[in-house]
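Notes for the one structure printed next.
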Amino acid sequence: MPSALKSSMPTVFIDGEAGTTGLEIRERLAGMRDIAVRSIAAERRKEPAARAELMREVDLVVLCLPDDAAKEAVALAGELGDDAPRIVDASTAHRISAGWTYGFAEMSGAQANEIANARLVTNPGCYPTGAIALLRPLVDTGILPADHPVTINAVSGYSGGGKSMIASYETEKTAPAFELYGLGLEHKHVPEIEKYSHLARRPIFVPSVGNFRQGMLVSVPLHLDTLPGKQSVAKIEDALRGHYAGGGQVSVVAAETLKGRIAAETLAGKDEMQLAVFGNEKLGQAVLVARLDNLGKGASGAAVQNIRLMLGLAAA
């Protein structure tokens with residue numbers, strides 16, 4: 001079990017608060033009166049001694065760092081022994097590592113409680129959040145076999161690419177309007193998707209980026225006649241609704257209300273995620289879609305949700 005809080009009001013240190021995700025987390029926490037955010041002077045942010053000193057004093061550290069730096073920060077915190085803080089790592093460094101709890105609270109009925117009691121939580125990636133939300137309930141209920149050949153297509157706003165990509169769109173004006181990437185099929189998010197979706201076969205994942213700042217769509221096409229039993233669009237939607245009936249930040253939207261169209265930017269600035277099942281029973285085809293903000297439920301919003309769970313605070 002986690003140790004007691006170090007002060008009456010829980011304290012958080014964002015290691016890497018000047019980056020895109022760090023800034024978003026800080027902005028969210030700034031509006032919360034039950035959490036105090038501690039910082040290091042800008043000129044000392046890279047000093048291990050200064051960082052260790054603050055880690056010793058706070059209840060929880062959020063790592064918004066490149067992977068190698070995140071690993072170094074975890075080692076630094078580990079040297080503090082009983083004074084080590086709890087950690088939420090927003091990098092990809094520990095997504096499938098042993099000893100780390102996956103920070104997707106709605107992934108299973110027990111996940112929120114596991115996060116609440118964990119010392120080390122790895123924040124999910126934006127693309128995996130949408131993919132796992134669609135796939136995990138179907139695999140666990142047997143609607144989708146674990147070894148089914150799954151294809152995942154996704155588009156994200158350019159803010160997911162960090163400062164250099166943001167500059168290429170907003171300042172330099174050199175980026176294309178739309179671009180597929182990761183076509184070597186070795187995107188770093190694939191192992192995470194495979195593990196937490198309970199897939200036994202590596203999925204094909206094709207990401208893309210569009211000329212809009214925030215928002216994301218993740219889609220999974222399915223041929224219903226390749227699934228076991230007599231599956232239908234309604235059964236798939238019912239399975240998703242049943243899985244997410246407990247609340248949280250994930251909901252299922254009736255496809256008919258969307259009238260055959262779904263925009264990526266609708267949830268920009270929000271921390272929720274919407275799922276929809278589009279389909280044509282006559283053709284035996286369906287497309288599952290997750291819509292979220294790549295900086296919200298796909299990054300900073302999920303981190304804040306995990307922070308509050310770990311600190312024993314009610315959902316914001």
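For region 242-265, does any single residue satisfy the condition of being within 14 Å of residue 144 (Cα to Cα) and either under 17 Å from the mean Cα position of the chain (by Cα) or of a type in the set (A, V, I, L, M, F, W, C) (or both)? Explain how you work it out, then say what you get.
So the first thing to find is which residues in region 242-265 are within 14 Å of residue 144 (Cα to Cα), and the list is none.
So far as region 242-265 goes, no, none of its residues is within 14 Å of residue 144 (Cα to Cα) and either under 17 Å from the mean Cα position of the chain (by Cα) or of a type in the set (A, V, I, L, M, F, W, C) (or both).
For region 36-55, filtered to residues that are surrounded by 15 or more Cβ atoms within 10 Å (Cβ to Cβ) and in contact with a helix residue (DSSP H, G or I) (Cβ under 6 Å, 6 or more places away or on another chain), the residue that is farthest from residue 119 (Cα to Cα) is 40. Consider region 272-301 and keep the residues that are out of contact with any strand residue (DSSP E or B) (no Cβ under 9 Å at 6 or more places or on another chain) and touching a residue at least 12 places away in the same chain (Cβ under 8 Å). The one that is farthest from residue 193 (Cα to Cα) is 281. Against the conditions (1) in contact (Cβ under 8 Å) with a residue 40 or more places away in the chain; (2) in contact with a strand residue (DSSP E or B) (Cβ under 8 Å, 6 or more places away or on another chain); (3) surrounded by 15 or more Cβ atoms within 10 Å (Cβ to Cβ), residue 151 satisfies every one except (3).
Of the residues examined, residue 14 is one that is within 25 Å of residue 82 (Cβ to Cβ) and either buried (at least 16 other Cβ atoms within 10 Å of the Cβ) or polar (S, T, N, Q) (or both). Among (1) charged (D, E, K, R); (2) within 17 Å of residue 70 (Cα to Cα); (3) free of Cβ contacts under 8 Å to residues at least 24 places away in the same chain; (4) in a helix (DSSP H, G or I), which single condition is residue 46 missing? Single failed check for residue 46: (4).
So is residue 132 surrounded by fewer than 24 Cβ atoms within 10 Å (Cβ to Cβ), of a type in the set (A, V, I, L, M) and outside any strand (DSSP E or B) or not? The answer is no for residue 132. For region 62-87, a residue qualifies if it is surrounded by fewer than 17 Cβ atoms within 10 Å (Cβ to Cβ), hydrophobic (A, V, I, L, M, F, W, C) and not in a helix (DSSP H, G or I), and exactly one does: 80. Among the residues of region 172-205, the ones that are touching a strand residue (DSSP E or B) at 6+ places or on another chain (Cβ under 9 Å) and over 24 Å from residue 140 (Cα atoms) come to 11 in all. One residue stands out among those in region 166-205 that are in a loop (DSSP other than H, G, I, E, B) and of a type in the set (Asp, Glu): the one that is modelled with the lowest pLDDT, which is 172.
In region 213-292, which strands (runs of 3 or more DSSP E) lie fully inside it and hold 2 or more residues that are open to solvent by 30 Å² or more (accessible area, probe 1.4 Å) and modelled with pLDDT of 95 or more?
Details: elements: 216-223, 250-252, 273-280, 285-292.
Answer list for region 213-292: 216-223, 273-280, 285-292.
Of all residues in region 185-211, which are in contact with a helix residue (DSSP H, G or I) (Cβ under 7 Å, 6 or more places away or on another chain) and of a type in the set (A, V, I, L, M, F, W, C)? Spell out how you get there, then give the answer.
Narrowing region 185-211 to residues in contact with a helix residue (DSSP H, G or I) (Cβ under 7 Å, 6 or more places away or on another chain): 189, 192-193, 196-199, 202-203, 205, 207, 209, 211.
Of everything in region 185-211, those that are in contact with a helix residue (DSSP H, G or I) (Cβ under 7 Å, 6 or more places away or on another chain) and of a type in the set (A, V, I, L, M, F, W, C) turn out to be 193, 199, 205, 209.
Counting just the residues of region 188-205 that are open to solvent by 30 Å² or more (accessible area, probe 1.4 Å) and not small (Gly, Ala, Ser), which one comes out nearest to residue 269 (Cα to Cα)?
First, pick out the residues of region 188-205 that are open to solvent by 30 Å² or more (accessible area, probe 1.4 Å): 188, 191, 194-195, 198, 200-202, 204.
The next check asks that each one be not small (Gly, Ala, Ser); those that pass are 188, 191, 194-195, 198, 201-202, 204.
Numbers: 188: 25, 191: 28, 194: 28, 195: 28, 198: 30, 201: 34, 202: 32, 204: 29 Å.
Looking at residues that are open to solvent by 30 Å² or more (accessible area, probe 1.4 Å) and not small (Gly, Ala, Ser), I get 188.
Looking at 144, 138, can you tell me which residue is more than 22 Å from residue 271 (Cβ to Cβ), open to solvent by less than 10 Å² (accessible area, probe 1.4 Å), touching a Leu at 6+ places or on another chain (Cβ under 7 Å) and not in a helix (DSSP H, G or I)? Show your work before the answer.
On the way: 138 fails: not in a helix (DSSP H, G or I).
Selected residue: 144, the only one of 144, 138 that is more than 22 Å from residue 271 (Cβ to Cβ), open to solvent by less than 10 Å² (accessible area, probe 1.4 Å), touching a Leu at 6+ places or on another chain (Cβ under 7 Å) and not in a helix (DSSP H, G or I).
The values are calculated or read from the model by the stated rules, or taken from the named source; none is laboratory data. Not measured: the values here are computed from a predicted model. Reconstructed Cβ throughout: ideal geometry from the backbone, glycine too, with neighbour counts over all protein chains shown. These accessible areas exclude ligands, DNA and RNA; they are computed on the full protein's heavy atoms, side chains included. Shrake-Rupley method; radii C 1.70, N 1.55, O 1.52, S 1.80 Å.
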